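Worksheet for the structure shown next.
The values are calculated or read from the model by the stated rules, or taken from the named source; none is laboratory data. Just so it is clear, the structure is predicted and the values come from calculations on it, not from any experiment. For neighbour counting, all protein chains shown are included, and Cβ atoms are generated from backbone atoms with ideal geometry for every residue, glycine included.
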Amino acid sequence: MALLNILNYPDPRLHTVAKPIKEVNAEIRRLIDDMAQTMYDAPGIGLAATQVNQHIQLIVIDTSKEQNQLQVFINPKIVSKSGLQDYEEGCLSVPGVYESVTRAEKITVEALDKQGKPFKLDAEGLLSVCIQHEMDHLLGKVFVEYLSPLKRNRIKTKMVKLQRDR
């Protein structure tokens, strides 16, 4: 397994729309393992392939405290949503920034697992937020785009300065 480089906002590659995965094979499973290791190492609770410059519909999530309940979503689709909730979100591509975002409270998602088998999952609370956040990445959207233009520009300026100072 290898640690992957996480793209940082405002990298334009974060705005690439991911393509569906045609076949779940050894290469995809290796990427899943690498993404999981990268997410745990960061540390984070979710990571989309877009964030590691792989523009395919793949996300990994683990909201457990023990980091031992990895969930894999290949070609995820939200088939229903209800309610609204505000949640303070962070993002591995926007390190150190936490802002409140309004999302659906409950969702039902359909996807393929690591073996390529279809499944359906009802999610609420943190898991619901995390799935929606990571799926946004697959659409080329970063959570700061839900914020006011003023806040977004402040964050962009801060991130550019951080990258310059490295």
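LEU121 falls short on exactly one of the conditions (1) surrounded by 14 or more Cβ atoms within 10 Å (Cβ to Cβ); (2) not in a strand (DSSP E or B), and that condition is (2). Candidates are the residues of region 72-105 that are in contact with a helix residue (DSSP H, G or I) (Cβ under 6 Å, 6 or more places away or on another chain) and free of Cβ contacts under 8 Å to residues at least 60 places away in the same chain; the one that is farthest from ALA42 (Cα to Cα) is ARG103. With the checklist (1) of a type in the set (A, V, I, L, M); (2) more than 17 Å from PRO20 (Cβ to Cβ); (3) in contact (Cβ under 8 Å) with a residue 24 or more places away in the chain; (4) surrounded by fewer than 17 Cβ atoms within 10 Å (Cβ to Cβ) in hand, flag the one item LEU139 doesn't pass. LEU139 satisfies all of (1) of a type in the set (A, V, I, L, M); (2) more than 17 Å from PRO20 (Cβ to Cβ); (3) in contact (Cβ under 8 Å) with a residue 24 or more places away in the chain; (4) surrounded by fewer than 17 Cβ atoms within 10 Å (Cβ to Cβ) except (2). Would region 54-68 turn up any residue that is within 17 Å of HIS133 (Cα to Cα) and touching a Ser or Thr at 6+ places or on another chain (Cβ under 8 Å)? Within region 54-68, one or more residues are within 17 Å of HIS133 (Cα to Cα) and touching a Ser or Thr at 6+ places or on another chain (Cβ under 8 Å).
Just wondering, is there one or more residues in region 42-50 that are in a helix (DSSP H, G or I), at negative phi and at pLDDT 95 or above?
Quick first cut of region 42-50, residues in a helix (DSSP H, G or I) only: 49-50.
Checking the rest, the ones that are also at negative phi come to 49-50.
From the residues that got through so far, the ones that are at pLDDT 95 or above too are 49-50.
Yes, there is a match, as at least one residue in region 42-50 is in a helix (DSSP H, G or I), at negative phi and at pLDDT 95 or above.
All conditions but one from (1) closer than 28 Å to LEU3 by Cα; (2) in a strand (DSSP E or B); (3) of a type in the set (Asp, Glu) apply to ASP136; the one that does not is (2).
Among the residues making up region 60-107, those that are in a strand (DSSP E or B), among the hydroxyl-bearing types (Ser, Thr, Tyr) and surrounded by fewer than 16 Cβ atoms within 10 Å (Cβ to Cβ) are SER80, SER82, TYR98, SER100, THR102. In the set ILE21, ILE28, ILE6, only one residue is surrounded by 12 or more Cβ atoms within 10 Å (Cβ to Cβ), of a type in the set (Val, Ile, Thr), part of a helix (DSSP H, G or I) and modelled with pLDDT of 95 or more; that residue is ILE28.
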